[in-house]
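Peer 1: Before I ask anything, here is the structure I am working with.
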Amino acid sequence: MFKTSLVLVFTFFSLLITMNSSAQEKGLPYEKEWAAVQAFIDKSLPVSALEEVKKIHQLAKKDKEEAQVVKSLLYIGLLQNQTREENQSKSILELETELPQLSPTAQAVLQSVLAEQYYQLYQRNRWKFYSRTNVAEYNSEDILTWPVEKLEKTITDLYLSSLKNEKLLQETSVASFDALLYKGTHRELKPTLFDFLATRAIEFFESHESMINKPVNAFALDQASAFDPMNDFVHRKFPTSDTSSYLFNALGIYQRWISFRMKQENTQALIHADLKRLAFSRQRSTHPDKDTLYFMSVNHLADQYGKTADAAEAWFSLAALHYNKGQDYHPLNKTSNQFEIAKAYEISKSILTFPKFDTSHHSYVSVLSLIQQIQHPQLTTTVELVNLPQQPFRASVEFKNISNVHFRILKYTEELRILLDKNYQENNWPAIAQVPAVRNWQQNLPDAKDFQTHRTEIKIESLPAGKYILLASGSKNLNDSNNTAGWGVFHVSEISYFTQGNNYFVVNRDSGKPLAGVIAQPWYQEYDNQTGKSKYVAGKKFTTDKNGYFQYEDHLSTTIRRGSNYVRWQFTYKKDELFFDQSEYIWRQRNDENVNAENPKPAMHLFTDRGLYRPGQTIFVKGILVQEKIQNRNELVTQFKDKLILFNANNEKVDSVDITTTEYGSFSAIR
């Protein structure tokens, strides 16, 4: 929700921002005098600046320029912060003494300022307050010695007192205190000083927890009447003995604020205030049906004021609710919310047609942003890293707001990979579009018209062994500025391998049969001092034996030593090559480390056809058993009988199957 940027210059920090930018807005009283103050500040002369501010203070009191009086008081406190120790506590108490001398409106503003400064002092020193015990007698001139209960009561009383002269504040334009305010662009929502100070008090009470322990009978917002239509809400009673509750005080101020707004002709400001009240009630309510009550209340508010620009914020809030409900959609177990985002889109588009609703409206940017967010296309394509040659395989497509996908399969080259990697920083699509494709096709996607993210699987026809890039695009034209596109690297190879420590076994990916004569080339990443970049250096090659086995040795030495490294493996078998981009973490150990010579145990390596299954899908499992030996005598375990047991997420047995390994130490199972 859009938040009006009407901020009071109340803290030392925000004052500092003002002083470092412009000491006085043009057209306001004492422009020349404030310019002189700013000049001293820019020269880091706080004492001289302080003298000038005190002069302005006397002038403002004489001329009854209340906003300038308050501003000069705050500047005095800030500048004294640079010239005396323990200043903030002293400044707060000095400001307290100024209150009786101010007009009721200036007094209200300063009370709100003081409440915040008290709380900031507490925040910066809370460890001091809680690390000591309360004493019967304390120094009233030293706030840091006060009991926390007194400090909290002082803050609460100041915020409530700032709204005491309600009628006068409601008749006073907030513009009368422009000297203290950063002016926002939508003052029509909080045009009076009462609106402004009520909002400040509410923001404190609803966003902070009590500084003391809650009483046994702490106030709880558990009544459904907190969501009543505004005409009823302002008259509701919320009985409690915990009248110091922040929650209770915020609720009371909302009633006063909305009651005032109902008597005015500013419908936008009324709806804005009531929407803040409803959001507050939803956030802090303990009622079990608070979400439903909130939805019904916002829906009622929008319907009550109809399709008008004044009610646009209510309609936007309703659209946002539908959108958030739509985020809780799942195609398998939460289908009731499937079309909630579509409802949000319909409402948002209709708001743009409301009479007098244009770019000047405070909700315009929010509405437009929601529409763009709903319409935003998404496309993610996932394919298995390695697929079998001459066999079709699958790709998973996750999409939103895309009716068809244009696929291109490109032969992998390092040059193409670099172009794609840098495409986020520089537009390389024109060059990529010129790369000849091994295959290209268009895939139509189902359109449920729900603006939800969906997933489907598509078939990719068989390819020969090699390394490829799959490029997916929402538009046939890659150069389209509104296009959504992505890419990924995949391999087509019969080669597979698994490891046990330094022991490697290379097998046929389909049958599990060991592959003899495979060349295994490790590549190590090293830093090149001359180029200032990392590069890969080839290490010692290995060749698999008749069992598809080789033992990895350190590339720096023929002696195996304890250590670690990252390796990219390049496997070559006849015309087939498997060369991964990812590095593998290697832990090098002695040949006989962790091997029990008297009672060696076989190690089982399992492979499934996918990492995630839908309910009812068939599971294809393959496995290989290896017997760990000493001195390079690792062997495949043949004719071994055992049982595979399938457990669910709750560790409950679901199914089992008997297995027997083949002459290659492998087995397969289907369930």
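The values are calculated or read from the model by the stated rules, or taken from the named source; none is laboratory data. Just so we're clear, the structure is a prediction, and the values are computed from it rather than from any experiment. Methodologically, a virtual Cβ is constructed for each residue, glycine included, from the backbone with ideal geometry; neighbour enumeration extends over all protein chains shown. Calculation scope for accessible area: heavy atoms of the full protein, side chains included, ligands and nucleic acids excluded. Shrake-Rupley method; radii C 1.70, N 1.55, O 1.52, S 1.80 Å.
Peer 1: Taking each pair of distinct Cα atoms in the range 232-347 once, what is the resulting Kirkwood hydrodynamic radius in Å?
Peer 2: 15.7 Å
Peer 1: In whole percent, how big is the carbon plus sulfur part of the accessible area of the chain, probe 1.4 Å, protein atoms only?
Peer 2: Taking all protein chains in place, the chain shows 49 percent carbon and sulfur surface.
Peer 1: When the expected Rg is taken as 2.2 N^0.38 Å, what fraction or multiple of it is the alpha-carbon Rg of the range 37-114?
Peer 2: For the range 37-114, the normalised Cα radius of gyration comes out at 1.08.
Peer 1: I would also like to ask the following. Straight-line reach only, C-alpha to C-alpha below 18 angstrom: list the aspartates and glutamates that residue 55 could link to, leaving out same-chain residues fewer than 8 apart.
Peer 2: Cross-link targets: 31, 33, 63, 65, 66, 94, 98.
Peer 1: On to the next question. Sort 38-50, 100-112 by the packing proxy (mean of other Cβ within 10 Å over each peptide's residues), most packed first.
Peer 2: The peptides rank, most packed first, as 100-112, 38-50.
Peer 1: What's the FRET efficiency of residue 531 with residue 44 using the Cβ-Cβ distance as r and R₀ = 56 Å, to the nearest 0.05?
Peer 2: Computed FRET efficiency for residue 531 and residue 44 comes out at 0.75.
Peer 1: Another one. In debye, nearest 20: dipole of the range 231-361 around its Cα centre with unit charges on the Cβ of K, R (+) and D, E (-)?
Peer 2: For this selection, approximately 240 debye.
Peer 1: Once you put a point 7 Å from the Cα of residue 457 and another 7 Å from the Cα of residue 241, both along the Cβ direction, what distance in nm separates them?
Peer 2: 6.6 nm
Peer 1: Whenever you get a sec, line up 571, 451 from highest to lowest accessible area (probe 1.4 Å, protein heavy atoms).
Peer 2: Working: 571 0, 451 50 Å².
The ordering from most to least exposed comes out as 451, 571.
Peer 1: I would also like to ask the following. So what's the projected area for the range 351-402, the Cα convex hull averaged over all directions, in nm²? Could you put the intermediate results ahead of the total?
Peer 2: Values: hull surface 21.3 nm².
Mean orientational projected area (the range 351-402, Cα hull): 5.3 nm².
Peer 1: Tell me the angle of helix 193-207 to the major Cα principal axis of the chain, expressed in degrees between 0 and 90 and rounded to the nearest ten.
Peer 2: Around 40 degrees separate the two axes.
Peer 1: Assigning unit charges at the beta carbon (Lys, Arg +1; Asp, Glu -1) and nothing else, what dipole magnitude in debye, to the nearest 20, does the range 213-275 show about its Cα centre?
Peer 2: For this selection, approximately 160 debye.
Peer 1: Which loop trypsin sites (Lys or Arg not before Pro) in the range 420-489, with loop taken from DSSP, have no more than 13 other Cβ atoms within 10 angstrom of their Cβ?
Peer 2: Passing sites in the range 420-489 are 449, 476.
Peer 1: For the range 452-536, what are the per-bin percents of Cα-Cα distances with bins 5 Å wide, up to the bin holding the maximum?
Peer 2: 3, 9, 11, 13, 14, 13, 13, 13, 8, 4, 0
Peer 1: Here's something else I'd like to know. If I stretch the segment between residue 445 and residue 284 completely, what's the gain in nm (0.36 nm per residue apart, minus their alpha carbon distance), one decimal?
Peer 2: Extending this stretch completely gives an extra 53.6 nm.
Peer 1: Charges at C-beta only: +1 for Lys and Arg, -1 for Asp and Glu. How large is the resulting dipole of the chain about its Cα centre, in Debye rounded to 20?
Peer 2: My answer is approximately 1240 debye.
Peer 1: Show me 239-248, 544-553 ranked by packing, highest mean number of other Cβ atoms within 10 Å first.
Peer 2: Working: 239-248: 16.2, 544-553: 18.1.
Going by the mean number of other Cβ atoms within 10 Å, highest first, we get 544-553, 239-248.
Peer 1: Using a cut-off of 14 Å between beta-carbons, work out the net charge of the residues near residue 419 (Lys and Arg +1, Asp and Glu -1, residue 419 not included).
Peer 2: 0
Peer 1: Separate question: As a test of understanding, state the convex hull volume per residue of the range 319-469 from its alpha carbons, in Å³.
Peer 2: Working: hull volume 23.5 nm³, N = 151.
So the per-residue hull volume is 156 Å³.
Peer 1: How much length would be gained if the chain were fully extended between residue 103 and residue 639, taking 0.36 nm per residue of separation minus their Cα-Cα distance, in nm to one decimal?
Peer 2: 183.1 nm
Peer 1: Give me the angle, in degrees from 0 to 90, between the Cα long axis of helix 12-21 and the longest principal axis of the Cα atoms of the chain, rounded to the nearest 10.
Peer 2: So the helix axis and the longest Cα principal axis differ by about 90 degrees.
Peer 1: Shifting gears a bit: For the range 399-517, just the Cα set please: Rg and Dmax, both in angstrom.
Peer 2: Using the Cα atoms of the range 399-517, the pair Rg, Dmax is 18.1, 55 Å.
Peer 1: Compute, for residue 645, the solvent-accessible surface of its heavy atoms (probe 1.4 Å) with the complete set of protein chains present, and express it in square angstrom to the nearest 10.
Peer 2: For residue 645, the solvent-accessible surface is approximately 80 Å².
Peer 1: So what is the accessible area of the chain per residue, in Å², with the probe set to 1.4 Å?
Peer 2: Values: 34880 Å² over 671 residues.
Accessible area per residue, the chain: 52 Å².
Peer 1: Then there is this: Among 256-263, 199-206, 578-585, what's the highest-first ranking by average C-beta atoms within 10 angstrom per residue? Before the final figure, lay out each step's value.
Peer 2: Numbers: 256-263: 18.2, 199-206: 20.8, 578-585: 14.0.
Peptide ranking by packing, descending: 199-206, 256-263, 578-585.
Peer 1: What number, in nm² with one decimal, is the all-direction average of the projected area of the convex hull of the alpha-carbon atoms of the range 42-86?
Peer 2: If I average the Cα hull's projected area over directions, I get 3.2 nm².
Peer 1: Using the Kirkwood formula on the Cα atoms of the chain, what hydrodynamic radius do you get, in angstrom to one decimal?
Peer 2: Details: mean 1/r = 0.0308 Å⁻¹.
Across the chain, the inverse of the average 1/r is 32.4 Å.
Peer 1: Moving on. Once the Cβ-Cβ distance between residue 216 and residue 171 is put in as r, and R0 is 60 Å, what FRET efficiency do you end up with, to the nearest 0.05?
Peer 2: Values: r = 42 Å, r/R0 = 0.70.
E(calc), rounded to 0.05, equals 0.90.
Peer 1: Also: Greater than 19 Å separation of Cα atoms is the criterion. Which listed pairs, 467/513; 513/574; 334/449; 513/541, meet it?
Peer 2: Violating the 19 Å Cα-Cα cut-off are 467/513; 513/541.
Peer 1: To the nearest 10 degrees, how steep is helix 312-326 against the longest Cα principal axis of the chain, on a 0 to 90 scale?
Peer 2: On a 0 to 90 degree scale, this one is about 30.
Peer 1: Can you give the helix-only mean residue ellipticity at 222 nm for the chain, where every DSSP H stretch with n ≥ 4 adds -39500 (n - 2.57) and the sum goes over all residues, rounded to the nearest 500 deg cm²/dmol?
Peer 2: Numbers: 19 runs with 234 residues, N = 671.
The helix contribution divided over the chain gives -11000 deg cm²/dmol.
Peer 1: May I pose another question? Which order do you get for 292, 453 if you rank them by accessible area with a 1.4 Å probe, largest at the top?
Peer 2: So the residues, ranked largest to smallest area, are 292, 453.
Peer 1: Oh, and also: Separation between the residue 299 and residue 328 pseudo-spin-labels, each 7 Å from Cα along Cα→Cβ, expressed in nm?
Peer 2: 1.4 nm
Peer 1: Cβ under 11 Å from residue 608's Cβ, residue 608 left aside: what net charge do those residues give with Lys, Arg +1 and Asp, Glu -1?
Peer 2: So the environment of residue 608 carries a net charge of +2.
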